[in-house]
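Engineer: Next up is a structure, given as structure tokens.
The values are calculated or read from the model by the stated rules, or taken from the named source; none is laboratory data. Because the structure is predicted, anything quoted here is derived from the model rather than measured. Every residue, glycine as well, gets a Cβ built from its backbone with ideal geometry; the counts of neighbours run over all protein chains shown. Only protein heavy atoms, including side chains, enter the accessible area calculation; ligands, DNA and RNA are left aside. Shrake-Rupley method; radii C 1.70, N 1.55, O 1.52, S 1.80 Å.
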Amino acid sequence: MAGIGEPGQRAGSALDLSAVRLSGDPLTSTPLNGGDDLVLMGRAEDVSAVLRAVADQPGTRALPAPAGEGREARERLGRWLQTHTGVTDTTRQQEVLTRVGLASDVGPRTRIEDLSLVSRARLRFAAVVLVGETAADVTHVVLDSPFADVPGHQRAGLRSILVRELRTSGLGAVLSTDSPVDALVLGARTIELDAEQVAQEGDATTILGRPRGGLTASLAGANVMSGLARRGWLSIGHSQVRRRTDLDGKVYLAIPTDAVTLSVDEFDPAFRGESVFEVIVIGIRDEGSLLQVRLSPADNEAGLPLVADVLDASSRRAWGAITPALGGEATPCGPIANSPGEGVPDDRTAAAEPGGASAADAPAPGTWALLQPGLGPDLESQLGRITMGSRLWAEVDTQRIHVWSVEE
């Protein structure tokens, strides 16, 4: 048995996942060597199903999230560790709980329900340590969303603990996450799942830079679709949206969600007139500070299905737009005029700045977060025009379409 700090050789160190299939195709044809990690990204239901299949493969051990409510939440930590690692020695359990950073008053007799989200994540990592010590036949642990619901600023320490214990034990991990940072920190091979298929596989940097599935498209703030480059032109489906390109053949492309201009007027001066098309609002969603609309073209021969930004409540964008009015340099943060929150100076501050803006220059209430002036002059007007079934006009800034070959 390899002790802590003494990683040992593990029997059958390569994990073959070719038997795990999606729509008839293997999850991956490249085995995971001992100590190698694999990150799965995609819809939670798709990823969880794949992880269950991975956990059925020889050489793996699933370590589920400690229950946060119900009868299982009253289970004591020692009992939970015994169930999932087989270790009954409470002294060793206590040593490992302390090792992963749990408070000194947390021990085998503590109940799971008394732990915070961060502490429950640490409990799972304590199980990783014990599995690494005692289960010589296990090469990879399976962790479904080990950082779920943990705020971003608290994930950094947890990632460090997990990486440390995996490297120390010689274990690899197959885990899921909704954060690309998790994959980047682990330096893991990453597979994105989409519509019960493998959308793409590779290192996290490449996948995020070339999004092909719904999750990475959302993370990248883009609409991702396929197209065809031929004779110097990029064509997207049957739509009239085209642009020049030096590529040739089948391509993937990304249209940023903030590269879509919307208006209630087909002849809005904001349109460049290259390919304006009618769209129907078929969905409304929020992405953090952003409010977005899902759009379906009224005519598939003219337009594209898109997601477009409508409102942004982030103070970062608001400050970027107000800075020029205070005599500073403009920043490419977006067309927001003001923000009632952090970073917005009061009238006295503005008046004190050389060339500063006066109260009369301030935008009208309800306009500070608007990204689409063509939908109305204020928040109330715009919200009334982006209801389900609303018909609008749209145009894509074709110069901002990012294109790459399917061969890349």
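Engineer: Per 0.36 nm of contour for each residue apart, how much would the distance between T91 and R242 grow if the chain were fully extended, relative to their Cα-Cα spacing? Don't jump to the answer; show the numbers that get you there.
Structural biologist: Working: separation 151, 0.36 × 151 = 54.36 nm, distance 6.74 nm.
Fully extending the segment from T91 to R242 adds 47.6 nm.
Engineer: What net charge is computed for the residues neighbouring A49, neighbours being all others with C-beta under 11 Å from the C-beta of A49, Lys and Arg scored +1, Asp and Glu -1? Walk me through the numbers before you get to the answer.
Structural biologist: On the way: positive: R43, R52; negative: E45, D46, D144, E196.
Local charge sum for A49: -2.
Engineer: Now for a separate question. Given 10 °C and 1.306 mPa s, compute D for the stretch 21-209 with the Stokes-Einstein relation, Rh being the Kirkwood radius over Cα pairs; round to the nearest whole µm²/s.
Structural biologist: Numbers: Rh = 16.9 Å.
Translational diffusion coefficient: 94 µm²/s.
Engineer: Around V281, with a cut-off of 9 angstrom between Cβ atoms, what is the net charge of the other residues, counting Lys and Arg +1 and Asp and Glu -1?
Structural biologist: Numbers: positive: R294, R385, R391; negative: none.
Surrounding charge for V281 is +3.
Engineer: Hull surface divided by four, with the convex hull built on the Cα atoms of the stretch 9-94: how many nm²?
Structural biologist: Values: hull surface 30.9 nm².
Approximately 7.7 nm², given one-decimal rounding.
Engineer: Test of understanding: what is the full-extension gain from L184 to E113, defined as 0.36 nm times their sequence separation minus their Cα-Cα distance? Let's see the in-between values first.
Structural biologist: Numbers: separation 71, 0.36 × 71 = 25.56 nm, distance 3.14 nm.
Gain on extension, L184 to E113, equals 22.4 nm.
Engineer: Please report, as a whole percent, how much of the solvent-accessible surface of the stretch 7-124 comes from carbon and sulfur atoms (probe radius 1.4 Å).
Structural biologist: Details: 2660 of 6030 Å².
Within the stretch 7-124, the accessible surface is 44 percent carbon and sulfur.
Engineer: Starting from the 7 Å offset along Cα-to-Cβ, what nm value, one decimal, do you get for the label separation of T83 and A49?
Structural biologist: Taking the two extended label points, one gets 2.6 nm.
Engineer: With a 1.4 Å probe and all protein chains left in place, how much accessible area per residue does the stretch 21-209 have, in Å²?
Structural biologist: Values: 8160 Å² over 189 residues.
Each residue of the stretch 21-209 exposes 43 Å² on average to a 1.4 Å probe.
Engineer: How many nm separate the modelled label positions at E201 and T134, each set 7 Å beyond the Cα in the direction of the Cβ?
Structural biologist: That separation, rounded to one decimal, is 3.3 nm.
Engineer: Taking 0.36 nm per residue of sequence separation and subtracting the Cα-Cα distance, how much length would be gained by fully extending the chain between D56 and A148, in nm to one decimal? Could you put the intermediate results ahead of the total?
Structural biologist: Values: separation 92, 0.36 × 92 = 33.12 nm, distance 2.26 nm.
Full-extension gain reported as 30.9 nm.
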